[in-house]
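Structure, as structure tokens:
The values are calculated or read from the model by the stated rules, or taken from the named source; none is laboratory data. Since this is a predicted model, take the numbers as computed values, not measurements. Cβ atoms come from the backbone with ideal geometry, glycine included; neighbour counts cover every protein chain shown. Please note that ligands, DNA and RNA were not included when accessible areas were found on the heavy atoms of the full protein model with its side chains. Shrake-Rupley method; radii C 1.70, N 1.55, O 1.52, S 1.80 Å.
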Amino acid sequence: MIGLLGCRPASVIGIPQTSDDGGQTAVDLALRDSFPATLPDATGVRPDLRALTFNTHLFFDTVCDSGRCGPSDFEQVSSPQLLAARADAVTQALRSRSADVVALQEIENQSAFSAITSRLRDVYPTMVLGETGLPGSIDVAVLGKGTLLEVRTHRDQILTRPDGSKTTFSRELLEVHMLLRGQRVVMCAAHFRSKVSDDPGRRLAEAQATRDILLATAAEFPDAVVLLGGDLNDTPSSPPLDALEISPLLLRVGKDRPLSSIATYSWNGMDQAIDHLLVVRSARASYLLGTAAAQHDSTRFGLAGSDHAALLADFAVH
């Protein structure tokens, strides 16, 4: 089920934004301590909401859409048997983690997405793909246990790099609203610019725009739980992550955990946390300390055939 709406400029909503020099506005500072970012201990606390983000890694279907699907080309064609096996592995991993909302990355198109969703219809009534329509693309998606309310897309939004040049989101920034156990829950799925043929200015611009979109949505729906999940292709303390976390209203969950517990990728033998979950601080939701954890296969670093682990976290909803 896919609904598409045009992007909404954050400036229209009147959100608390960071200042031009990267500092915090008076509104940011006033709100910094208004809401609990976390509950002090998850022991004995029943989680009301579980979120998960997972880069499935080049989940292609059985058709060569780009016309270039050789061994050294980017797009790879799956045989029907391989597609079924990969879909089985992904759905088994998702079922076993019991997440209420899921952000997925690197799903080629609706055909590839259907290989997963057809196996999960009894779990997730909301299933939305952020299709870019490009041949051989790798897109984002959201799964949810709630009833779909609204879908907003932002890929056409014009972004500004630090040097003043213009760009757009590398993939769709997908914003899915659902009604889950009587609560509006918004899950945004992102996949920022990769470091292959790197364009760090674009990744920073994506982070800045994503921050503003999340805060705009939270301001528009103050009673909603607003989350972001995605492969952001950068680590804590990098400029893109700093651009998100500079707002006191955005909490990157897992910052209470050691790297070994939240690392989702291995680069040259070094663990990295590049897949992230963030929550907008509000009176409605609190991250349960200690619950953020990378989800690995038992015998290898990744999950379900991916070179990424998933990241999972639990929240209390007030």
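Side notes on the structure shown:
- Residues that are open to solvent by less than 10 Å² (accessible area, probe 1.4 Å), of a type outside the set (Phe, Trp, Tyr) and part of a strand (DSSP E or B) occur at least once in segment 212-225.
- For segment 93-106, the set of residues classified as open to solvent by 10 Å² or more (accessible area, probe 1.4 Å) and either hydroxyl-bearing (Ser, Thr, Tyr) or under 24 Å from residue 63 (Cα atoms) (or both) consists of 96, 98, 106, listed by residue number.
- Subset of segment 151-173 (residues that are assigned to a strand (DSSP E or B) and free of Cβ contacts under 8 Å to residues at least 60 places away in the same chain): 159, 160, 166, 167
- Lone qualifier among 182, 136, 164, 146 - being at pLDDT below 95 and either out of contact with any Leu (no Cβ under 6 Å at 6 or more places or on another chain) or under 30 Å from residue 222 (Cβ atoms) (or both): 136
- Total residues in segment 281-318 satisfying the condition of being surrounded by fewer than 23 Cβ atoms within 10 Å (Cβ to Cβ), part of a strand (DSSP E or B) and of a type in the set (A, V, I, L, M, F, W, C): the figure is 3.
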